[in-house]
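To keep things clear, I will list the structure first and then write my remarks on it.
Throughout, read-outs are computed from the coordinates displayed, never taken from laboratory work. All figures in this text were calculated on a predicted structure; none of them were measured in a lab. Quick reminder, even Gly has a Cβ in these numbers, built from the backbone with ideal geometry, and neighbours come from all protein chains shown.
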Amino acid sequence: MDSVSLRTPWRYLAIQPRLAAVGPLGLYSAPSGAARPAAPSTTASLAPGAPSTTASPAPGSPTPASPAAPPARPTGPTVLASGLVAPWGIAFLPGGDLSASIGPAQKPDLDFARFVKAASLAHPQVALPLVQRLARAYGSRALPLLRESFGAEVAPGLFEAELNFLRREEWACSADDVLWRRSKLGLHYTPAQRAAVADWCAHHWADAAAPGQPAAIHQETAWN
């Protein structure tokens, strides 16, 4: 490990405001408009009037090939709304881009509160606690779900529309997938409510195990 990487360990830009120096791969993060520090010159300076030490090729010898140019880097680093610079650009996790509802990002906690408020105003027929849970679970992917007909309430706050969404988008195949793996709703439901979810999945999903029948995966239970 070189001395630069020892002085400047890699950190997430979302946590560390900016890197203080050029990192091991040559990436540099600086405030917008700041100049990148020049690389140190490897060419020795000659005194004025001193003869050149560069050897000329002999007559008839092939001209040496020029060194290959380094791969081009993306031009124009991405400047985040918080002022941070991401030289490689931005990639969102599924549902993580809320800009279509709230505009440019500002701060994560404020952005989420603004997103919940916008979603609640757009869908006043949905209870606010349910909007908050769906927004926290699915981010911007909750918006198409909120526009659907919810159908029957299988368990408190869990409707058929969300079960179908989990089946279609999250590849849920059983009640355990819904209650424990795609969410932690099983921690908040009673045994009777978890059984209602299992009954619904067994009735609507052909590959879900029916209650009382052996399943491919061990049925999980609530834990502290």
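Annotations
- Length released on extending from LEU110 to ALA192, taking residue separation times 0.36 nm less the Cα-Cα span: 25.8 nm
- Surface/4 of the Cα convex hull for region 95-137, nm²: 2.8
- The relative contact order of region 95-137 comes to 30 percent, based on Cα pairs under 8 Å that sit 6 or more residues apart.
- Long-range amide H partners of VAL154 with built H, under 5 Å: PHE159, GLU160
- ALA100 paired with ASP199, simple spin-label distance in nm, labels 7 Å along Cα-to-beta-carbon: 3.7
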